[in-house]
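Participant: Quick one: the structure is below, and I'll ask about it shortly.
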Amino acid sequence: MFKVDRALQIAVVGHTNTGKTSLLRTLTRDRLFGEVNDAPGTTRHVQSASVMLDDQAALVWYDTPGLEDSVGLRDYIESLVRPGERLDNHDRIERFLADPMADVSFEQEHRVLVQAMQSDALLYVVDARDEVLAKHRDELFLLQACARPVLPVLNFVASPQADTKPWVQVFARQGMHVYVGFDSISPPINGQQMMYDTLGQVLAEHRPLLNALSVSAAQQRRDRVIAAIDLLAALCLTVAGLNRMVKDDAAAIEQAIKKQQDEVRKHEQSFVEHILELYEFSTEDYLPTTEGWSEGQWQADVFSEETLTKLGIKLGKGAAVGAAAGAVVDILSAGLSLGTGTLIGAAAGSAWQSVDRFGKDIAAKWRGQRSLMVSDAVVLALATRNIQLMAALEQRGHASHQPLILDKTQKATAAFDHSALLDAIGPARQQTVKRQLASLVGAVPTNSAAAREVKQVLLQADVLQPLTVDGLH
Amino acid sequence: MFKFIDLWCYEAVRLREQTPPALDDQQANQVALDASNNLAKRLVVRARSLAGASGLTAACQESLSLMRVSVLLAMGLGLLTGISAALASLGDTSQPVNVIWALVSLLLLPTVMLFIWFAMFVVTSDSGGWFGRLWQFTIGRLLRDGPRAMVWRAWLQLVQQARSERWWLALLTHTIWFSVLLGMVLGMFTAFSLRHYTFVWQTTWLSDGVFVQLAQSIGALPGKFGFTVPNVQTIQASGNVALDEPSARLAWANWLMGAVVVFGLLPRLIAMVTSALALRYRYRALSMTLNDAYALSLGHKFDRLTMRSQVDGPPGAQETWPQISGIAPEDALSDAAVVALETRLGENLHEQFGVHATVLPPLDDRASRKQAQERLLELKPRRLLVVLDARQTPDRGLVRTLLALGSHAVDTKVLLQQVDDERARLSAWRARLADIGLPTDLGRSDDLVAWLRGR
């Protein structure tokens, strides 16, 4: 528990249209903060966002309007100096702020400078893709005259058009040797930590607070990943445990397969909605590969051969023998009835289907029923795809406008131990007396042991590794 | 520290919110925000408020009373069973009571079941006894639909989360057995009070000594609790034929009762209290999971509601711009001039336009602005072309400069470069240029060359 005496006040300043509001959206993980538009002067007032630490506001970010006419402002300020008068730069700014005409001709700049004078430090945001111009140098001059530590932030450094060198030189000439390279659209996964740590370098007396914030940001990221994996483990177990009794004829089986597929899609959709909420995104942020979000159209393709191969699900031995044949038939019942033949037919017609094996429900067998289960390959595909989703969300800035499409993300792998996952979901597949009893009692059968195991396997996925460790820089 | 019912309510709301349709939580969130700074407290307050609105609280109460009633009912049944068992084993007064026989028939089943329970409890991890299971099953069947099902599932989950399931079931099992045994004691007490019993032990081939030994060792422990044990003479005299003597009858009745109380009722009581204590301990240790997806998402929601945000005042008014106004045509002193404004793209302007126009040095900082204006004041061109970078933002400084430059020429046009770049801000440029009355067709440089040449 960190005791916060006074919240740090940090103003985010810079030329208009350099992504100040975007930067804050990403830093505060609030996709609706402020207003973002590709036009000058979108933000027209100072807006604050507080960062909480142990239930206390620890840091307040101030988003300010963009500076638009620093060259003119500097001229104007010079004109306020009476001939023969000796004023240092800070005095000049104060003179300007006291000037009754200041907020008429330089209304926005006036607001910015007022906020800057009230803040503990300034983040000076520039678009790393822009050329360095005289107006930027004048902005730096004005901000430095506020006598507050200024931390330059190079925004959009991930863009191929970004050129940081001239900027770094300008900063150095102004005596600013510490700066942050950031990208509001695809921020570094430890972006918040980075920001707090660097701020700690320019605000030495507030370093304990900034350290605590940095630690808390890392902790939150870890918690998030683990909570997400929890949900994913639950999804895997739920899908693996789907078990539908079906009469042993082709039409009934076909229908049951459809129903079960719909069930799987619904489960995945609800999982994705929860994940998006957890990551503080909305359904606008993710476009499933195939269609939109409307009901029933949800990613029909988990069941297609193409998706499975794309996700790297090997349909060989062990992992998903069943999927390769469309269906696995329990050896015990293979010879018993004609139903076997019709079953394979039905399943092969809708290839890669969910008919996997028969349950051990003896009563159902007596009634001539089969139990349909979702195939291993589908469970693996769900796990892979949604680990990719998590990794992609983790690297997505809350300022992004383009919906995320998984196919297009570069890291299309999410390697984890497939056979270990299949072993771990095993218990969910078994229809033990205990589970049946539990469902009779009205409990949703829980597999806390299995869930733990699935979680362990999924957490080992390569793309998640860097997210759960600390101190990457 | 939260009460069990709060946690139960939270769990029920959590389950409810995982299934559509979503609950309207606006008011609940506000109540929670006002109540505390602490996430756990906020979550509980929010859950309570939501549960009240969505009928879950009522369902909780109903379920609770159903559970209470069912336990009472089971205890009542147990009591009756115990009483009738006692009466049956004592028989009618026509025959003397065979003490050994009666004791075995009363204590055999409860004791065997206690041992089985204990063995199962130690060996398997989740056995809580059959009465408990039966109770759970029955309640589960009764609470099957609507909010009650949600509440019941929440109960089961919470119980599991506290790893207290078997303690619960054990408590129920022991309670029911306890009431059966209590019924026996009550039955015996009533029967001994209101009827006349004589007691014997019977044997075909065992000696008296065995029974003396047996009766005394059984009676030893109850004796410590104040139940009298028949003395040796009484025991010996009670063999096969009943001894109808008040002191003997009192002693035997005491002995029988003591044995049932100490070997039947007391162990169950101990087991019951142990289970209850274990439950209490488990629930004390039970805490809310604050790092699962649900709690984290709600935490974000609360943060979002608190952190946004004050503003320093109403947004500034949108800028109003004067129209660009140049000099009168008759005041013009030269034909054409070209200047690049805040861009390095204008470095080859000489090659492009040099033959037809005066090319001014690029314009960026204060000094160069001043210079350019002075130059234009001398030149007073008929046509002024300003070269701009479309990737720049048309900010106020730029527009002011543009207006200032335009005021020294008769006609001003703008050439935007890099219009095909993905970062070109064409719509912003169009809007700003229209504001100051400059042509918004951004022109090809060939046409502009022709224009500069006056054609």
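Participant: What do you reckon, is B:Arg382 in a helix (DSSP H, G or I) and surrounded by 16 or more Cβ atoms within 10 Å (Cβ to Cβ)?
Facilitator: So B:Arg382 does not fit the description; no.
Residue by residue, here is whether (1) within 22 Å of B:Phe4 (Cβ to Cβ); (2) over 27 Å from the mean Cα position of the chain (by Cα); (3) away from chain A (no Cβ under 11 Å) holds:
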site	(1), (2), (3)
B:Met120	no, yes, yes
B:Arg148	yes, no, no
B:Leu158	yes, no, yes
B:Gln161	yes, no, no
B:Ser164	yes, no, yes
B:Trp167	yes, no, yes
B:Leu172	yes, yes, yes
B:Thr175	yes, yes, yes
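Participant: Being open to solvent by 10 Å² or more (accessible area, probe 1.4 Å), part of a helix (DSSP H, G or I) and at the interface with another protein chain (Cβ under 9 Å from one of its Cβ atoms) is the filter here, so list the residues in the stretch B:137-146 that pass it.
Facilitator: Listed by number, the residues that qualify are B:Phe137, B:Arg141.
Participant: Assess whether B:Pro361 counts as being more than 60 Å from the chain's Cα centre (by Cα), part of a loop (DSSP other than H, G, I, E, B) and within 14 Å of another protein chain (Cβ to nearest Cβ).
Facilitator: It is true that B:Pro361 is more than 60 Å from the chain's Cα centre (by Cα), part of a loop (DSSP other than H, G, I, E, B) and within 14 Å of another protein chain (Cβ to nearest Cβ).
Participant: Filter the stretch B:1-21 for residues that are more than 15 Å from B:Gly146 (Cα to Cα) and not in a helix (DSSP H, G or I) and give the result.
Facilitator: Passing the criteria: B:Met1, B:Phe2, B:Lys3.
Participant: Take the residues in the stretch A:27-52 that are of a type in the set (Lys, Arg) and within 8 Å of chain B (Cβ to nearest Cβ), then tell me which one is farthest from A:Met194 (Cα to Cα).
Facilitator: So the residue we want is A:Arg44.
Here is a yes/no grid of residues against (1) closer than 15 Å to A:Ile10 by Cβ; (2) not small (Gly, Ala, Ser):
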| site | (1), (2) |
| --- | --- |
| A:Tyr124 | yes, yes |
| A:Ala128 | no, no |
| A:Lys135 | no, yes |
| A:Asp138 | no, yes |
| A:Gln144 | no, yes |
| A:Pro149 | yes, yes |
| A:Leu154 | no, yes |
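Participant: Condition first: open to solvent by 40 Å² or more (accessible area, probe 1.4 Å) and not acidic (Asp, Glu). Can you find one or more residues in the stretch A:65-74 that meet it?
Facilitator: yes
Participant: Please go through the stretch A:14-37 and give me each residue that is touching a Phe, Trp or Tyr at 6+ places or on another chain (Cβ under 6 Å) and outside any helix (DSSP H, G or I), ordered by number.
Facilitator: A:Gly14
Participant: With the checklist (1) open to solvent by 50 Å² or more (accessible area, probe 1.4 Å); (2) more than 14 Å from chain A (Cβ to nearest Cβ); (3) in a helix (DSSP H, G or I) in hand, flag the one item B:Asp92 doesn't pass.
Facilitator: (3)
Participant: Can I ask one more? Can you tell me which of (1) away from chain A (no Cβ under 14 Å); (2) farther than 18 Å from A:Asn17 by Cα; (3) open to solvent by 30 Å² or more (accessible area, probe 1.4 Å) is the one B:Val419 doesn't meet?
Facilitator: (2)
Participant: If you check B:Leu349 against the conditions, is it open to solvent by 70 Å² or more (accessible area, probe 1.4 Å) and in the same structural domain as B:Lys413 (by TED's automatic domain parsing)?
Facilitator: For B:Leu349, the condition - open to solvent by 70 Å² or more (accessible area, probe 1.4 Å) and in the same structural domain as B:Lys413 (by TED's automatic domain parsing) - is not met.
Participant: For the stretch A:106-145, name all the residues that are over 20 Å from B:Arg366 (Cβ atoms), in a loop (DSSP other than H, G, I, E, B) and not hydroxyl-bearing (Ser, Thr, Tyr).
Facilitator: A:Asp120, A:Ala128, A:Arg129
Participant: Also, quick follow-up: Report, by residue number, each residue of the stretch B:359-375 that is surrounded by 17 or more Cβ atoms within 10 Å (Cβ to Cβ) and touching a helix residue (DSSP H, G or I) at 6+ places or on another chain (Cβ under 6 Å).
Facilitator: B:Val359, B:Leu360, B:Pro362, B:Leu363, B:Asp364
Participant: Out of all the residues in the stretch B:278-322, which are closer than 28 Å to A:Leu232 by Cα, part of a helix (DSSP H, G or I) and at the interface with another protein chain (Cβ under 7 Å from one of its Cβ atoms)?
Facilitator: B:Ala293, B:Leu296, B:Ser297, B:His300, B:Asp303, B:Arg304
A quick yes/no check of all residues on (1) within 26 Å of A:Ser70 (Cβ to Cβ); (2) within 12 Å of another protein chain (Cβ to nearest Cβ):
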site: B:Leu377; (1), (2): yes, no
site: B:Val386; (1), (2): yes, no
site: B:Gln392; (1), (2): yes, yes
site: B:Gly397; (1), (2): yes, yes
site: B:Leu403; (1), (2): yes, yes
site: B:Lys413; (1), (2): no, no
site: B:Ala450; (1), (2): no, no
site: B:Gly454; (1), (2): no, no
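The values are calculated or read from the model by the stated rules, or taken from the named source; none is laboratory data. Please read all numbers here as calculations on a predicted model, not as lab measurements. Please note: Cβ atoms are built from the backbone with ideal geometry, for glycine as well, and neighbour counts cover all protein chains shown. What goes into the accessible areas is simple: the full protein's heavy atoms, side chains included, and nothing from ligands, DNA or RNA. Shrake-Rupley method; radii C 1.70, N 1.55, O 1.52, S 1.80 Å.
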